[in-house]
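Report on the following structure.
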Amino acid sequence: MDAAFARKPKLCRLFFPLEKQIMLFPILILLINQASKMNAEVGVMEELETEKEAEESHRQDSVNLLTFILLLTLTILTIWLFKHRRVRFLHETGLAMIYGLLVGVILRYGIPATSYHNRTPPSCSLEEGPVSTLLLNVSGKFFEYMLKGEINSREIHNVEQNDMLRKVTFDPEVFFNILLPPIIFHAGYSLKKRHFFRNLGSIITYAFLGTAISCFVIGNLMYGVVKLMQFVGQLTNKFYYTDCLFFGAIVSATDPVTVLAIFNELHADVDLHALLFGESVMNDAVAIVLSSSIVAYQPAGSNTHTFDATAFFKSVGVFLGIFSGSFAMGAITGVFTALVTKFTKLHCFPLLETALFFLMSWSTFLLAEACGFTGVVAVLFCGITQAHYTYSNLSEESTKRTKQLFEVLHFLAENFIFSYMGLALFTFQNHVFSPIFIVGAFLAIFVGRASNIYPLSFLLNLGHRHKIRGNFQHMMMFAGLRGAMAFALAIRDTATYARQMMFTTTLLIVFFTVWVFGGGTTPMLSWLHIRVGVDPDQDLQQCGDNFLVFQGDGTMPEGSKTKQESAWLFRLWYTFDHNYLKPMLTHSGPPLTTTLPSCCGPLARCLTSPQAYENHEQLRDDDSDLILNDGDLALTYDDTAITAEGASSGGADVAGGAGGGWGVNGKRSGSTSEEALEREMDQDFLSRSTRLVFPIEDHA
């Protein structure tokens, strides 16, 4: 036997002689080439199939976005019809929710379900939770699979419909990073500071102390409800006390957008409007920081859900640290934007100026979130700072653009969120409806709101001559609606059974409060005999005959001191802001060379705007300066007393409000006699004969 043949594989020796193997070589080569062509064709077919799937996915995404745009379009047209017919029983946000509900019903039940496969899916057990990314080796090719989420076991064979419903379910980060910033910034940027600061003490009390009271009252009541559910066997999974407190924090975030819109249309009492608006703005910021602090509560030891004093005080520290850090970050960003707009000539290019203003404002939110703070708090105080300082540096065109830009973004984002709320009731995959928990939550939020409003109003009235009347308190109790912030906080984390139950209940609470309380605002105003048709400017000018008189050095003359000496903090802030911050950050106020010590001369000349040297009069916008535009203030110069509404006691006539003096960017308005009087006033501004006269009437 041939030695070469002996070394051939055994299978070949058994079936094929050497001569036949040589004859089969061309056939084998042909088969190999044919197999290679088939593999290439299969690869091309796979690529075509992948491209087809990508195109189909793109088309489906476009349809989903078009659905929301059509929802907003329909909402806008219906809003116009309601305004034309003067319909007030349903606000635009409630209308957007109804349209979202209708579309959600169609997507959920109107589209026929198709089975993706009929085989039972393979099962496996994991010691840990499912990973977000899975890498598989299939015949030498590596494939990456992304976790889309849990599928309801009752609908395991409707994967294609589930995939469609998942596509209309947005990532919660979309709400926080894209939709919430313009809503919160607009609240701070459009803040009426005259009314806000007039009621600042009451607003801070309701927002900070009231939100904390509401959180703990709701949390403790819901813990009792959870224990009841355990007793009757209605709780199928874990629900801890910290979960109840977290739920109390998120539903304590009020959003009376419906009530405030009706207040604006009817021109309701400005003090009540300021209390509700200010509380809702600050309350959202407090609620999100409070919820973060509750999540940060981690007791030492094996049981992480027991009370631990160290962990409690650590959570308090987290609350204070996050809030103060976010506040500082928002204020610093606003100050930086003010300096950029002051010391550059961006006002010559309004488009660039508006774009920079927009980007700096939005980046505040993202910067705070990236640094571990809360973007809601940062962007709120950034908006307040931008309105107080940067707004004065903008060109006339940019002031209009920025106001209108954020107003439109606020309107679209808010209505988008409310439309999505209606949609989510039917498209969200993991709702947990618990009748006991839902009924208990409704009772708890009413008790929590009452525990917030009535006791704090009683305490505030003890130290104020201007009382928060009973009808105001009832209206504030009635107007405690829940809205976009509560929904955004609830949808941000729906991974556990407890969070899914919270999300479902929060959604129902928002529906009920917006539809029932929002629709009942107009009858409630009439029933409580609350003033409507009020002119805000005239209301501010109605002040008492008694005044607090502050001299040029910031002290009160003998005989003028009353219990309103608590205004010292406000007086110090105004003096500091008027003499140093306004001249440093804007073109307004007296030159820094006249207010800073002589040793700071070079720095003062560097930071003072040329307009301040040329025009010593104070430049101001219509609503940014609480002091000079407020009817509650009178400026007394020697024998001439001038109030903000323009009355003068020394024989000279001065036009009041924002109509006289200097406007934005040094645009002069008013008469020649007024200008002469203002120049004379400015020359004596820092003299001992200058006195600031405040009304003795204290406002809540």
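If you go through region 275-295 and keep only what is of a type in the set (A, V, I, L, M, F, W, C) and open to solvent by 10 Å² or more (accessible area, probe 1.4 Å), you end up with PHE277, VAL281, MET282, LEU290, ILE294, VAL295.
Scanning region 399-444 for residues that are within 26 Å of VAL217 (Cα to Cα), in a helix (DSSP H, G or I) and not aliphatic (A, V, I, L, M) returns PRO435, PHE437, GLY440, PHE442.
Scanning region 76-99 for residues that are touching a Gly at 6+ places or on another chain (Cβ under 9 Å), open to solvent by less than 80 Å² (accessible area, probe 1.4 Å) and either of a type in the set (Phe, Trp, Tyr) or part of a helix (DSSP H, G or I) (or both) turns up THR93, GLY94, ALA96, MET97, ILE98, TYR99. Does SER326 satisfy the condition of being among the polar types (S, T, N, Q), under 19 Å from ILE183 (Cα atoms) and in contact (Cβ under 8 Å) with a residue 40 or more places away in the chain? Yes, satisfied. Kindly check whether there is at least one residue in region 483-490 that is assigned to a loop (DSSP other than H, G, I, E, B) and out of contact with any Leu (no Cβ under 8 Å at 6 or more places or on another chain). Checked against the condition, which is being assigned to a loop (DSSP other than H, G, I, E, B) and out of contact with any Leu (no Cβ under 8 Å at 6 or more places or on another chain), region 483-490 yields at least one hit. Restricting region 491-504 to residues that are part of a helix (DSSP H, G or I) and in contact with a Lys or Arg (Cβ under 8 Å, 6 or more places away or on another chain) leaves a set whose member that is surrounded by the fewest Cβ atoms within 10 Å (Cβ to Cβ) is TYR497.
When only residues in region 190-247 that are among the basic types (Lys, Arg) and open to solvent by 70 Å² or more (accessible area, probe 1.4 Å) count, which is nearest to GLN404 (Cα to Cα)? That would be LYS192. All conditions but one from (1) open to solvent by less than 10 Å² (accessible area, probe 1.4 Å); (2) closer than 21 Å to VAL225 by Cα apply to ALA413; the one that does not is (2). Every listed requirement among (1) aliphatic (A, V, I, L, M); (2) open to solvent by 10 Å² or more (accessible area, probe 1.4 Å); (3) at pLDDT below 90; (4) more than 21 Å from the chain's Cα centre (by Cα) is met by VAL257 save one, (4). For THR390, the conditions (1) surrounded by fewer than 19 Cβ atoms within 10 Å (Cβ to Cβ); (2) among the β-branched types (Val, Ile, Thr); (3) under 30 Å from GLY589 (Cβ atoms) all hold with the exception of (1).
Residue-level check: of (1) closer than 30 Å to MET360 by Cα; (2) at pLDDT below 80; (3) surrounded by fewer than 20 Cβ atoms within 10 Å (Cβ to Cβ), GLY129 misses just (1). Annotation note: Cβ proximity below 9 Å between a residue of region 274-291 that is more than 12 Å from LEU260 (Cα to Cα) and a residue that is open to solvent by 10 Å² or more (accessible area, probe 1.4 Å) and acidic (Asp, Glu) (sequence gap 6+ or interchain) occurs for ASN283/ASP255; ASP284/ASP255.
The values are calculated or read from the model by the stated rules, or taken from the named source; none is laboratory data. Since the model is a prediction, treat every value here as computed from it, not as a measurement. Note: ideal-geometry Cβ built from the backbone for every residue, glycine included; neighbour counts use all protein chains shown. All accessible areas refer to the heavy atoms of the entire protein, side chains included, with ligands and DNA or RNA removed. Shrake-Rupley method; radii C 1.70, N 1.55, O 1.52, S 1.80 Å.
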